[in-house]
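I have placed the structure first, in the form of structure tokens, so that the comments after it can refer back to it.
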Amino acid sequence: MAARKKTHSRTRTTRRPRRGATTRKKAGSRRKRYWSGRVTRTSHAMDLRQGVFTGNDPDKIARSVLDSAKRSHTRKTTPYRSAMSMINFYINRGGKGLSATKKRVLERAKDALRRQAGKRKKPAH
């Protein structure tokens, strides 16, 4: 008698997600909280004027942030670097939600800050 090959059917009744796979969140679950939001709300590293980033004048934004940096007693570096860091922080915090127009204004504010602080932008290679 010839040997017959046995066939096994492997069926799973429940399928578990792979380890590390994203799963759906329950409706009404809490939103994820980011460290940058907490920094924006609670940090006293530099006391900025309320609504400084809502304007559309890059020179005004740069002047205000630089003045705040000069007044601050808690900064760890030069006023120029603190001011530039704050503008970059705001751009990065905005992320994809920052409109192209607003991002363009903030990039121009960085250029204005360089001019006001007497710094030159390094040439690209």
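Derivation of every value follows stated rules applied to the coordinates shown; laboratory data play no part. The shown structure was predicted, so the numbers you read here are calculated from the model rather than taken from an experiment. With ideal geometry, Cβ positions are generated from the backbone for all residues, glycine too; neighbour counts draw on all protein chains shown.
Observations on the model:
- In a simple Cβ point-charge model (Lys, Arg +1; Asp, Glu -1; nothing else charged), region 44-109 has a dipole of about 140 debye relative to its Cα centre.
- Subset of Lys60/Lys102; Lys60/Lys110; Lys60/Lys119; Lys76/Lys103; Lys96/Lys119 violating a 21 Å alpha-carbon distance limit: Lys76/Lys103; Lys96/Lys119
- Whole-Hz couplings from phi, Karplus 6.51/-1.76/1.60, listed for region 70-81; x for Gly and Pro: 5, 6, 5, 9, 9, 6, 10, 9, 5, x, 4, 5
- Under the combined filter of DSSP loop state and at most 10 neighbouring Cβ atoms within 10 Å, region 52-124 retains these trypsin sites (Lys or Arg not before Pro): Lys76, Arg120, Lys121.
- Rounded, prolate or oblate (a/c below 1.5 giving rounded, otherwise prolate when a/b exceeds b/c) for region 44-106 by Cα gyration tensor: prolate
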